[in-house]
Structures are given as structure tokens and as C-alpha cells.
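The values are calculated or read from the model by the stated rules, or taken from the named source; none is laboratory data. Just so we're clear, the structure is a prediction, and the values are computed from it rather than from any experiment. Backbone-built Cβ (ideal geometry, glycine too); neighbour counts: all protein chains shown. Quick note on the areas: whole protein, heavy atoms, side chains included, nothing else; ligands and nucleic acids left out. Shrake-Rupley method; radii C 1.70, N 1.55, O 1.52, S 1.80 Å.
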Amino acid sequence: MADDPYYNKETDTYRVIHKGHPSASAVTNAEGVTVFFDPDNHDVLGFSIANFSKYYEDHVTPEGEFEVVLPARIPANLEEEMDFDEESMTTNVRIAEIY
């Protein structure tokens, strides 16, 4: 992987933060994608993927890209379930490229 401003090779973590928040909450799905969100309005602030090399290997496309599917907002029930449901997974998509 070439240098990517969102990837930390030392920790093997891919992290994209669109907006900061002093007391953000987070949920993590079964694939290890952690989504940070505003606890007041549940808007998504960004995401992080630990063990990114494995995630990339499992999600790489023939073009060398990978997909991260994120909800636009974290429904209140997900704070308890700590996983994404089918509807929220198709609400907002972020595609990142690794060169």
C-alpha cells in the first residue's frame, strides 16, 4: 500500500474523521468497523478499522479499491446492539481507494 493519509501502518488502522466531537460515542460491527457518532443527534462523525490489512484483503475489488458501508446516522437501538442493521448499512456508502 502506498502512503495514504488515513492509514497508520504502525497500528494497521484506517481512520477517517469527518467532524470531531468532544464526547463522541462509538459502535463496532462484526467486521471490526467502528463508527463514531454524535451522542446527541446520532450523526456519523467518522470511522476506524482496526486490523485493516485483513479487512482490505476481505473487501478489495479487482480495481484495488475497498468499500466501507456506513449508516448516515446511528439508530438509537444500535447503541445497545453494537452492530449495523441492513437498512442502516445501505443509507450511506464511502468508497476509499488504496494505490
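Quick notes on this one:
- Amide H to amide H, with H built 1.01 Å from N, LEU45 comes under 5 Å of PHE36, PHE37, ASP38, counting only residues 5 or more places away or on other chains.
- Accessible area in the full protein assembly, largest first, 1.4 Å probe, for GLU65, GLU31, GLU10: GLU10, GLU31, GLU65
- The residues of segment 4-75 expose, per residue, 55 Å² of accessible area to a 1.4 Å probe.
- For segment 1-70, the carbon plus sulfur part of the accessible surface works out to 46%, probe radius 1.4 Å.
- Restricting the calculation to Cα atoms, segment 14-69 shows an Rg/Rh of 1.03 when the hydrodynamic-style radius is the Kirkwood one.
- Calculated FRET efficiency for the pair ALA30/LYS9, C-beta based, R₀ 25 Å, to 0.05: 0.50
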